[in-house]
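What follows is a set of notes on a single structure, which appears directly below.
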Amino acid sequence: MVNHQTVGDGAVHLSPEDLAALRRNLCEQLDLARRPAAPGQAPVPLSASARMVLADVRAALQRIAEGRYGICHLCRRPVGRDRLMVVEQARYCARCQHVREPGR
């Protein structure tokens, strides 16, 4: 069975299994960052880029909870399933991400 979330004139085609796997992967990323240091070791501070990735992961989990996951923030069209399987926290479809990249 395929889950069709209709947004605008597009649809996100993620099966319930796909969505569950993506959510699980995002939660695992968040859990890894929250793990305390080993006993007797000081916690390692996160770099700015790691903090940005975690913010993106949290935002993706929020979009899943709100039913907005997989919709491009710019053009409001679906983000491709293949893209989401590689970049679970993707906010933009491949076309819009390409436009947003520096030097384009």
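Here are a few things to note about the model shown:
- Set G80, G70: member being of a type outside the set (K, R), in contact with a helix residue (DSSP H, G or I) (Cβ under 7 Å, 6 or more places away or on another chain) and on the phi > 0 side of the Ramachandran plot: G70
- Contact map, the stretch 32-60: first residue under 26 Å from C72 (Cα atoms) and touching a residue at least 24 places away in the same chain (Cβ under 8 Å), second residue of a type in the set (S, T, Y) and surrounded by 11 or more Cβ atoms within 10 Å (Cβ to Cβ), Cβ cut-off under 9 Å, separation 6 or more or different chains; pairs are A60/Y69.
- Applying the criterion of being part of a helix (DSSP H, G or I) and among the basic types (K, R) to the residues of the stretch 51-69, the residue that is surrounded by the most Cβ atoms within 10 Å (Cβ to Cβ) is R63.
- Those residues of the stretch 79-98 which are within 13 Å of the chain's Cα centre (by Cα) and not in a loop (DSSP other than H, G, I, E, B), in sequence order: R81, D82, R83, L84, M85, V86
- Count of residues meeting criterion [more than 14 Å from E88 (Cα to Cα) and loosely packed, with under 12 Cβ neighbours inside 10 Å] in the stretch 18-50: 17
- From the options L46, L22, residue that is over 20 Å from L84 (Cβ atoms) and either touching a Leu at 6+ places or on another chain (Cβ under 7 Å) or outside any helix (DSSP H, G or I) (or both): L46
- Of the residues making up the stretch 83-104, just one is surrounded by 14 or more Cβ atoms within 10 Å (Cβ to Cβ) and either among the acidic types (D, E) or at positive phi (or both), namely E88.
- Criterion (over 17 Å from A20 (Cβ atoms), touching an Asp or Glu at 6+ places or on another chain (Cβ under 8 Å) and basic (K, R)) met by exactly one of R91, R83: R91
Where a number appears in this text, it was derived from the coordinates with a stated rule and is not lab data. Predicted, not measured: the structure shown is a model, and the values here were computed from it. Don't worry about glycine lacking a Cβ; one is built from the backbone with ideal geometry, like all the others, and counts go over all protein chains shown.
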